[in-house]
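Q: My questions will all concern the structure given below.
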Amino acid sequence: MLLNFILLTGLFTLIYYFCPMLNQLQDYIEQHELFRPADPILLAVSGGVDSMVMAELFNRAGYNFALAHCNFGLRGTESNQDEAFVASVAEAYKVQFFVKQFKTREYAGFNKISVQMAARTLRYEWFEELLHTEGFKALATAHHLDDQIETFFINVLRGTGISGLHGILPNRVHIIHPMMFAFRRQIEEFAIDEAISYREDSSNRTTKYVRNKIRHDLIPLLGEINPEFRKTITTTIDRIRDAELLLNSHIRQLSEKVIKIDDGMVKLSVKELELLQPVDLHLYALLQPYNFNRSVCAEIATALSDIPGKQFYSGTHRLLKDRDYLIITESNKVSSDSADETHIELNDTEISKPIHLKFSRLQNHSELDIPKTSNVVLLDASTLHYPLRLRKWREGDSFVPYGMTKNKKLSDYFIDNKFSIVEKENAWLLISGNDIVWLVGHRVANPNRITNDTDEILKIELLD
């Protein structure tokens, strides 16, 4: 009798821990390297069937996990019952439980966004906080293959690029989706077979929301047309993801050829871009990190053969069409033609704004070390009148460049020395009296150079 009991107990244990879905979960996690078995993982658990099955599988696998539940207060007593249910599950598993109650409707009204968007924002802000403060390796959500299909159609209806069609990725920064191997029906059947308790969210039955319309109306209709529809669309999404990986590899190689970084500015070679077909599509892929949309990229492509000076903007960056390059700068770093001046007094040894300059005084002698960089200049101190002034260049400015005897307009100097428009915008002038003594970082004025008759020298260094 005792032997039979032991054998029966062992059989139940075997069935409990070595079920096919548990093996699929473990294989999926290992295949996509979502986390290591000992890593602490935070599970986002609503109480619905998807998240409860995920929690059960994590518990059976012996993973190191905790539960986190959001109470959005949108369904009154039902929301509070969901919270109490998840708390009881955490207690049964003997794992940490985190819960937060949100004033979701107030947040949505204050920020003038939908309740759904407010819930998403509040949820993920809190999850990020928990990851940081509690030291979890990642957040796991219970998204599955049907969620991926629904998201695919939502993005198609809204309009999207290839990134909106690649489905829900297994791993995104610190968010993982370990249930992306299973369809909803498999999860529900597992819950029934294993007698896993869960809560039904009444809002999932309404077709008021786009996702629910797709879930309850569109997908069943497509299933009537093709009974294998779910598998077919999942395979298609996988192929789109593969195509995206191939495209990204091509763009990375192309970026190395087309893009260069020069003095903190991003430059795209116009000559190389003109060889690409279609230009606008390649530009869109290359400029995505700088948030330029498809229509603006089409305008940029048309402007490649235009004269320099055209400017294009994204929400974060400016793109300037120069002679040989498209030059990208952050919008808040684009220098303006300002009349503001910074005064430099005789005893100043350093300034940090608007640029970083260091001043020192030297005595002239035969063994003086003459700097070989344009970022360091030696001026004849006797030719200077204080306070010195630092400002941006203005139309009509002129100076006598080192080695010359006649005035030259700065605009002509810029052209002769092939300054880009951005370089001109960022040009600073050091002025003594009414005379330019240094085009900072480029050329000293001839009257202020040191000579054999110079006694005292002002050394100025342009620092990073």
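Q: For a quick check of your reading of the model, give me the residue pairs whose first member lies in the stretch 273-294 and is closer than 16 Å to residue 305 by Cβ, whose second is small (Gly, Ala, Ser) and surrounded by 13 or more Cβ atoms within 10 Å (Cβ to Cβ), with beta-carbon atoms closer than 6 Å and at least 6 apart or on different chains.
A: What qualifies is 279/301; 280/298; 280/301; 283/301.
Q: May I pose another question? Among the listed residues 125, 150, 200, identify the single one that is assigned to a helix (DSSP H, G or I) and either free of Cβ contacts under 8 Å to residues at least 12 places away in the same chain or surrounded by fewer than 17 Cβ atoms within 10 Å (Cβ to Cβ) (or both).
A: 125
Q: OK, next. Going by the conditions given, is residue 360 modelled with pLDDT under 90 and surrounded by fewer than 16 Cβ atoms within 10 Å (Cβ to Cβ)?
A: Criteria not met by residue 360.
Q: Please determine whether any residue of the stretch 368-377 is assigned to a strand (DSSP E or B), buried (at least 20 other Cβ atoms within 10 Å of the Cβ) and either touching a residue at least 40 places away in the same chain (Cβ under 8 Å) or assigned by TED's automatic domain parsing to the domain that holds residue 307 (or both).
A: Within the stretch 368-377, one or more residues are assigned to a strand (DSSP E or B), buried (at least 20 other Cβ atoms within 10 Å of the Cβ) and either touching a residue at least 40 places away in the same chain (Cβ under 8 Å) or assigned by TED's automatic domain parsing to the domain that holds residue 307 (or both).
Q: Right, something else. Could you check how many residues of the stretch 401-413 are of a type in the set (Ser, Thr, Tyr) and assigned to a helix (DSSP H, G or I)?
A: Summing the residues that are of a type in the set (Ser, Thr, Tyr) and assigned to a helix (DSSP H, G or I) in the stretch 401-413 gives 2.
Q: Can you spot a residue in the stretch 274-284 that is under 20 Å from the mean Cα position of the chain (by Cα) and farther than 27 Å from residue 171 by Cα?
A: Within the stretch 274-284, one or more residues are under 20 Å from the mean Cα position of the chain (by Cα) and farther than 27 Å from residue 171 by Cα.
Q: Tell me, yes or no, whether the stretch 276-289 has at least one residue that is at pLDDT below 90, out of contact with any Phe, Trp or Tyr (no Cβ under 9 Å at 6 or more places or on another chain), under 21 Å from residue 248 (Cα atoms) and of a type in the set (S, T, N, Q).
A: yes
Q: What are the residues in the stretch 153-182 that are more than 21 Å from residue 232 (Cβ to Cβ), assigned to a helix (DSSP H, G or I) and within 19 Å of the chain's Cα centre (by Cα), if any?
A: Correct list: 163 only.
Q: Taking the stretch 183-197, which residues are outside any loop (DSSP other than H, G, I, E, B) and either outside the structural domain of residue 130 (by TED's automatic domain parsing) or of a type in the set (D, E, K, R) (or both)?
A: Scanning the stretch 183-197 gives 184, 185, 188, 189, 193.
Q: Let me ask another. Looking only at the stretch 71-100, count how many residues are closer than 22 Å to residue 59 by Cβ, in a helix (DSSP H, G or I) and either among the β-branched types (Val, Ile, Thr) or not assigned by TED's automatic domain parsing to the domain that holds residue 52 (or both).
A: 2
Q: Here's a follow-up. Output the number of residues of the stretch 246-272 satisfying the condition of being touching a residue at least 60 places away in the same chain (Cβ under 8 Å) and more than 19 Å from residue 322 (Cα to Cα).
A: Residues meeting the conditions: 1.
Q: Counting only residues that are out of contact with any helix residue (DSSP H, G or I) (no Cβ under 8 Å at 6 or more places or on another chain) and of a type in the set (Ser, Thr, Tyr), which one in the stretch 262-296 is surrounded by the fewest Cβ atoms within 10 Å (Cβ to Cβ)?
A: Applying the filter and picking the extreme gives 295.
Q: Being within 22 Å of residue 32 (Cβ to Cβ), surrounded by fewer than 16 Cβ atoms within 10 Å (Cβ to Cβ) and out of contact with any Gly (no Cβ under 9 Å at 6 or more places or on another chain) is true for just one of 238, 242. Which residue is that? Show your work before the answer.
A: Working: 238 fails: out of contact with any Gly (no Cβ under 9 Å at 6 or more places or on another chain).
After applying the criteria, what remains is 242.
Q: If you go through the stretch 329-341 one residue at a time, do you hit one that is part of a strand (DSSP E or B) and surrounded by 12 or more Cβ atoms within 10 Å (Cβ to Cβ)?
A: Checked the stretch 329-341: at least one residue is part of a strand (DSSP E or B) and surrounded by 12 or more Cβ atoms within 10 Å (Cβ to Cβ).
Q: Checking the conditions here, which among 342, 316, 373 is within 17 Å of residue 426 (Cα to Cα) and at pLDDT below 90?
A: Residue meeting the stated conditions: 342.
Q: Name the one entry in 380, 322 that is assigned by TED's automatic domain parsing to the domain that holds residue 254, in contact (Cβ under 8 Å) with a residue 40 or more places away in the chain and in contact with a helix residue (DSSP H, G or I) (Cβ under 9 Å, 6 or more places away or on another chain). Before you say what the answer is, go through the steps one by one.
A: Values: 380 fails: assigned by TED's automatic domain parsing to the domain that holds residue 254.
Only one candidate passes the filter, namely 322.
Q: When the residues of the stretch 65-82 are narrowed to those that are touching a Phe, Trp or Tyr at 6+ places or on another chain (Cβ under 9 Å) and of a type in the set (S, T, N, Q), which ends up modelled with the highest pLDDT?
A: Taking the candidates together, the pick is 71.
Q: Tell me, which helices (runs of 4 or more DSSP H) lie completely within the stretch 250-323 with 3 or more residues that are among the hydrophobic types (A, V, I, L, M, F, W, C)?
A: Working: elements: 270-273, 279-287, 294-302.
Per the criteria, 279-287, 294-302.
Q: Output the residues belonging to the stretch 39-56 that are part of a helix (DSSP H, G or I) and either in contact (Cβ under 8 Å) with a residue 40 or more places away in the chain or aromatic (Phe, Trp, Tyr) (or both). First the steps, then the outcome.
A: Kept after step one, since they are part of a helix (DSSP H, G or I), are these residues of the stretch 39-56: 49-56.
Across the stretch 39-56, the qualifying residues are 49, 50, 51, 52, 53, 54, 56.
The values are calculated or read from the model by the stated rules, or taken from the named source; none is laboratory data. Worth saying up front: this structure is predicted, and the values here are computed from it rather than measured. Cβ: placed from backbone, ideal geometry, glycine included. Neighbour counts: every protein chain shown.
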